[in-house]
Amino acid sequence: LSWLALLACIFTLTPNEHLIYLHDSERELAKAAFCMLLVSVSILTLNLAIKGKPGCRISGVLVAAYTVKFISLSTNALLAFAPSLVMVDPITKSRVFFIRWCEWIPLSGFMTFLSEVLDLKKERGSL
């Protein structure tokens, strides 16, 4: 939800003349990342469809992984196929993609939580 709110702010508050398409090499990299994530999500979905049992419960960690992949997939699609806000950092002179920051801000805490949860031992009576 925060990812969508940040994207909405970027696209509504930024004047259209500041939204540009990425350079060819940057767009190709975003397209490649989009395709790889699309294959990954497709394989995971097919695996669940084939091996899953009707009415079985899906793990919360799996739902979280889907969420991370979907947000990353959508961000790469926006970078590859839509205009975005790009600024040049005055110190490093590198190009900064604001859509990428919209992805990283909510996912950094979420992925930290996921990595901590994966190390927990499942105990009887635990949440």
In what sequence, largest accessible area first, do T92, T45 appear using a 1.4 Å probe? T92, T45
For P(r) over Cα pairs in 10 Å bins from 0, in percent, pick the label among (i) 13, 37, 22, 13, 10, 4, 0; (ii) 13, 44, 32, 10, 1; (iii) 11, 33, 32, 16, 7, 1 that corresponds to the value derived from the coordinates. (iii)
Rounded to whole Å², per residue accessible area for region 8-127 with a 1.4 Å probe reads 73
Expressed as a percent, the accessible surface of the chain that is carbon or sulfur, using a 1.4 Å probe and the full set of protein chains, is 69
Take every Cα pair under 8 Å in region 3-127 that's 6+ residues apart, average their separations, divide by the length, and report that relative contact order as a whole percent. 36
List nothing, just return the count: lysine pairs in region 5-100, 8 or more apart or interchain, with Cα separation under 26 Å. 4
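The values are calculated or read from the model by the stated rules, or taken from the named source; none is laboratory data. Remember, predicted model here, so these are calculated numbers, not experimental data. Quick note on the areas: whole protein, heavy atoms, side chains included, nothing else; ligands and nucleic acids left out. Shrake-Rupley method; radii C 1.70, N 1.55, O 1.52, S 1.80 Å.
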